[in-house]
Amino acid sequence: MPDNHFTDADGRQSSGTEQSPEKMDAPRTTSRKRDHVELVVHRDVAFRAKSAGFERVEFVHNAVPELNFADIDSRSVFLGHTLSAPLMISCMTGGYAEAEAINAALGAACERENIAMGVGSQRQALENSQFVESFRAARRAAPSIPITANIGAAEVAAGMGSGNAQKLVDMIEANALTVHLNPLQELLQPEGNTQFAGVLAGIEQLAGALNVPIIAKEVGAGISAAAAERLLDSGVDWIDVAGAGGTSWAGVEILRRGNPELVDMFWDWGIPTVDCLIELHQLRQSRAFGLVGSGGLTSGLDLARTIRLGADLGAAARPFVRALKTEGEEALHAEIRAWKFQLRAAMFLTGSATLEELSRAECRLAASGTQ
Ligand SMILES: Cc1cc2nc3c(=O)[nH]c(=O)nc-3n(C[C@H](O)[C@H](O)[C@H](O)COP(=O)(O)O)c2cc1C
């Protein structure tokens, strides 16, 4: 497929943005992104019968830590930047007017707390330039932290091209491009694009052309070792498992489309985050790649468990946007600080002075399903 064509949300082939951006189906993308935040903040969109699995990961208490709490070092290098903790606010939003304030607030909190951030899908910015500032707001508020750009697998599969991808990266001076893999979500969206054939070839093309690393990420259904291997073969540098057990995107789309009887059984579809991390940690014995653990993290203790399971970084979306939208910016800052304290508490109580030590801390893992 030529570099200047990609498929819009209805599966129609459209001219590339460099030629005719205003002709695309912008309003639909815009209202979808607004719906997502509203549903995630105001409705119960968590998995119902499946957990992320963090309750199965039990650190063994160390009564003689032989270190001072004040000396604990939770710093972590991500995309060339030293963060105060291995934490990222996951990719969420942009592409409509109100998203500018949300991304500015998320960016300001990440900058102040020195953690990483991802913007939401920039697909809308490929369609027209109306809401470009809603994405740029994140970088304006956070000039020094790593920020990841974001585009969907369907756009990559449709041959959006490296020129468009680089444009998204440059738009926010991103440190990486996240390609989100969301076949379940697209399937359940009334306007979804289920043309995923060609996604690996599309990723391979981007990997050879972009000046930043590529992060392949699910949105809450998880990435298996077999899927990760195919992504790594296509040239991705990082895998963010975004596993099952947190926000159910099937749930969000079921609530959005309002005919749950057809698809309700998919509400809990996906691989729990803990299972993804165990598989991918194993894969890291033979393949080199960065690993982000996300999907259903609810605290700094879950973040510590994520690091113990072999991830370089943990990430979360819904807990942070909920804090921001229901209680305000100060509550968001407080939430991030609480997670950092809880991480350091787990380090202290396992006698881990560094994240490297935490990744080897004594820990019991209950079998799946036994809780
Ligand atoms: C309001 C909202 C919008 C989201 N939009 C995107 C997106 O545009 N791109 C993406 O890669 N992930 C998106 N996600 C998925 C999150 O990045 C994350 O993978 C998922 O919500 C699981 O994490 P959680 O359980 O901490 O919410 C979104 C999540 C939320 C809550």
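Once segment 134-158 is narrowed to residues that are small (Gly, Ala, Ser) and away from the ligand (no atom under 16 Å from the Cβ), the residue that is most open to solvent (accessible area, probe 1.4 Å) is 144.
Within segment 80-108, the set of residues being open to solvent by 40 Å² or more (accessible area, probe 1.4 Å), touching a residue at least 40 places away in the same chain (Cβ under 8 Å) and out of contact with any Lys or Arg (no Cβ under 8 Å at 6 or more places or on another chain) comprises 80, 81. The set of residues in segment 289-311 being more than 10 Å from the ligand (Cβ to nearest atom), under 29 Å from residue 232 (Cβ atoms) and among the aliphatic types (A, V, I, L, M) consists of 291, 303, 304, 307, 309, 311. Would it be correct to say that residue 130 is in contact (Cβ under 8 Å) with a residue 40 or more places away in the chain and out of contact with any Lys or Arg (no Cβ under 8 Å at 6 or more places or on another chain)? Yes.
Note on segment 43-99: residues that are of a type outside the set (S, T, N, Q) and either in a strand (DSSP E or B) or within 11 Å of the ligand (Cβ to nearest atom) (or both) total 20. Among the residues of segment 18-29, is any within 14 Å of the ligand (Cβ to nearest atom), at pLDDT below 95, surrounded by 15 or more Cβ atoms within 10 Å (Cβ to Cβ) and not in a helix (DSSP H, G or I)? Checked against the condition, which is being within 14 Å of the ligand (Cβ to nearest atom), at pLDDT below 95, surrounded by 15 or more Cβ atoms within 10 Å (Cβ to Cβ) and not in a helix (DSSP H, G or I), segment 18-29 yields no hits at all. Looking for something buried (at least 20 other Cβ atoms within 10 Å of the Cβ) and closer than 20 Å to residue 215 by Cβ - is there at least one such residue anywhere in segment 340-362? Within segment 340-362, one or more residues are buried (at least 20 other Cβ atoms within 10 Å of the Cβ) and closer than 20 Å to residue 215 by Cβ.
Okay, residues lined up against (1) within 16 Å of residue 342 (Cβ to Cβ); (2) at pLDDT below 95; (3) within 16 Å of the chain's Cα centre (by Cα):
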residue	(1), (2), (3)
283	no, no, no
290	no, no, yes
302	yes, no, yes
314	yes, no, yes
324	no, no, no
329	no, no, no
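In segment 109-133, the residue that is surrounded by the fewest Cβ atoms within 10 Å (Cβ to Cβ) out of those that are in a loop (DSSP other than H, G, I, E, B) and away from the ligand (no atom under 11 Å from the Cβ) is 129.
Every condition in (1) in a helix (DSSP H, G or I); (2) more than 13 Å from the ligand (Cβ to nearest atom); (3) under 30 Å from residue 133 (Cβ atoms); (4) open to solvent by 20 Å² or more (accessible area, probe 1.4 Å) is met by residue 186 except one, and the failing one is (2). I'd like the full set of residues that are more than 15 Å from the ligand (Cβ to nearest atom) and open to solvent by 10 Å² or more (accessible area, probe 1.4 Å), limited to segment 159-183. Across segment 159-183, the qualifying residues are 159, 162, 163, 166, 167, 170, 173, 175.
Conditions (1) under 22 Å from residue 81 (Cβ atoms); (2) in contact (Cβ under 8 Å) with a residue 12 or more places away in the chain; (3) touching a Ser or Thr at 6+ places or on another chain (Cβ under 6 Å), marked per residue:
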{"position": "186", "(1), (2), (3)": "no, yes, yes"}
{"position": "200", "(1), (2), (3)": "no, yes, yes"}
{"position": "203", "(1), (2), (3)": "no, yes, yes"}
{"position": "212", "(1), (2), (3)": "yes, yes, no"}
{"position": "231", "(1), (2), (3)": "no, yes, no"}
{"position": "234", "(1), (2), (3)": "no, yes, no"}
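Looking at segment 57-79, which of the residues that are of a type in the set (D, E, K, R) and in contact with a strand residue (DSSP E or B) (Cβ under 6 Å, 6 or more places away or on another chain) is least open to solvent (accessible area, probe 1.4 Å)? Looking at residues that are of a type in the set (D, E, K, R) and in contact with a strand residue (DSSP E or B) (Cβ under 6 Å, 6 or more places away or on another chain), I get 73.
Scanning segment 312-332 for residues that are within 13 Å of the ligand (Cβ to nearest atom), closer than 21 Å to residue 77 by Cα and either acidic (Asp, Glu) or open to solvent by 20 Å² or more (accessible area, probe 1.4 Å) (or both) returns a single hit, 317. Scanning segment 268-306 for residues that are out of contact with any strand residue (DSSP E or B) (no Cβ under 7 Å at 6 or more places or on another chain) and small (Gly, Ala, Ser) returns 286, 288, 296, 299, 300, 304.
The values are calculated or read from the model by the stated rules, or taken from the named source; none is laboratory data. Keep in mind the model is a prediction, meaning the values are calculated, not measured. Cβ sites come from the backbone with ideal geometry, for glycine too, and all protein chains shown count toward neighbours. The accessibility values were calculated without ligands, DNA or RNA, using every heavy atom of the protein model including side chains. Shrake-Rupley method; radii C 1.70, N 1.55, O 1.52, S 1.80 Å.
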